[in-house]
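Participant: Sharing a structure, written as structure tokens. Questions coming.
The values are calculated or read from the model by the stated rules, or taken from the named source; none is laboratory data. Computed from a predicted model, the values in this text were never measured in an experiment. FYI the Cβ positions are ideal-geometry reconstructions off the backbone, even for glycines, and counts take in every protein chain you see. The accessibility values were calculated without ligands, DNA or RNA, using every heavy atom of the protein model including side chains. Shrake-Rupley method; radii C 1.70, N 1.55, O 1.52, S 1.80 Å.
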Amino acid sequence: MEKSQGTPITRGGGYFIRIGWRAVGYSVDRAKQTQYRALRVLLFIFAVVTAWFVVPFASELYFTTIAPMASSFVPLLFDYPALVALLIYLLTLFFGGLVYLIIVAAVGKAMVRKLSAVDNGFGPVERLRRAAMTRRRSLFLLVAVLAAAALLLEPLSSEQLFLMILLGFKFTEGLFFRYLSPGKNL
């Protein structure tokens with residue numbers, strides 16, 4: 001009797017994709033894997049373009065309509081416009097990212113609705129661990145970009161601060177999962 005090789009996912013000659021919030025694994029054919037990856041890229045580009053237009057619209061709406069009316073109640077919101085602009089960027093990232101993930105999960109589930117799952121997926125901490133930049137090269141690159149942004153960008157705008165916060169978060173996440181969190185780094 002011939003001994004089978006490989007994992008249960010690759011023995012059948014299929015390709016592997018992860019779908020949904022729990023990152024449930026499915027073995028699919030090459031065409032479906034390519035289609036899913038292309039749809040994810042297109043949806044990501046659409047999300048970025050949408051955010052590109054939402055942020056200036058939200059900023060304009062806030063600074064021309066909401067801030068003048070709210071300044072009599074909460075002067076702090078009118079006195080620090082850079083903080084409010086940064087908050088607009090962070091809220092756009094959070095809610096836009098949430099909508100993006102919901103749409104990608106729905107599209108993925110529709111693509112594999114007739115297939116059975118190969119594995120049951122992961123919890124939220126394990127998904128973060130797998131997506132974290134834990135390699136030394138990645139961490140060094142993040143430190144270099146953060147240092148260059150801090151040294152070269154003298155008048156710090158809210159867009160630059162937003163970028164530095166995102167890079168700082170990825171750096172902290174990578175350090176946490178590399179050195180502080182118990183478990184296997186994948």
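Participant: How much accessible area per residue does region 136-178 have, in Å², with a 1.4 Å probe?
Facilitator: 67
Participant: In whole Å, what is the distance between the alpha-carbon centres of region 38-60 and region 117-185?
Facilitator: Taking the Cα centre of each part, region 38-60 and region 117-185 sit 22 Å apart.
Participant: A further question follows. Going through region 126-163, which trypsin sites (Lys or Arg not before Pro) have at most 15 other Cβ atoms within 10 Å and a DSSP loop state?
Facilitator: ARG135
Participant: Return a whole-number percent for the relative contact order of the chain, with Cα pairs under 8 Å and 6 or more residues apart as the contact set. Please report the intermediate quantities before stating the final value.
Facilitator: Details: 148 pairs, mean separation 49.2, N = 186.
Worked out over the chain, it gives 26 percent.
Participant: Still on this structure: Using the alpha-carbon atoms, what tilt in degrees (0 to 90, nearest 10) does helix 81-111 show relative to the longest principal axis of the chain?
Facilitator: Long axis of 81-111 versus the principal axis of the chain: about 20 degrees.
Participant: Rounded to a whole number, what % of the accessible area of the chain do carbon and sulfur atoms account for, probe 1.4 Å?
Facilitator: Details: 9230 of 13160 Å².
Answer for the chain is 70 percent, counting heavy atoms of protein chains only.
Participant: Let me ask something additional. What is the set of long-range amide H partners of VAL28 at a cut-off below 5 Å, with H atoms built 1.01 Å from backbone N?
Facilitator: TYR15, PHE16, ILE17
Participant: On to the next question. Which whole-number percentage describes the relative contact order of region 33-122, with Cα contacts under 8 Å and a sequence gap of 6 or more?
Facilitator: Reported as a whole number, the value is 39 percent.
Participant: With θ set to phi - 60° and the Karplus curve 6.51 cos²θ - 1.76 cosθ + 1.60, what are the ³J(HN,Hα) couplings of region 115-132 in order, to the nearest whole Hz, using x for Gly and Pro?
Facilitator: Values, residue by residue: 9, 9, 6, 8, 9, 8, x, 10, x, x, 5, 5, 5, 4, 4, 5, 8, 6 Hz.
Participant: Ranked by accessible surface with a 1.4 Å probe, highest first, in what order do TRP52, TRP21 come?
Facilitator: The residues order as TRP52, TRP21, largest area first.
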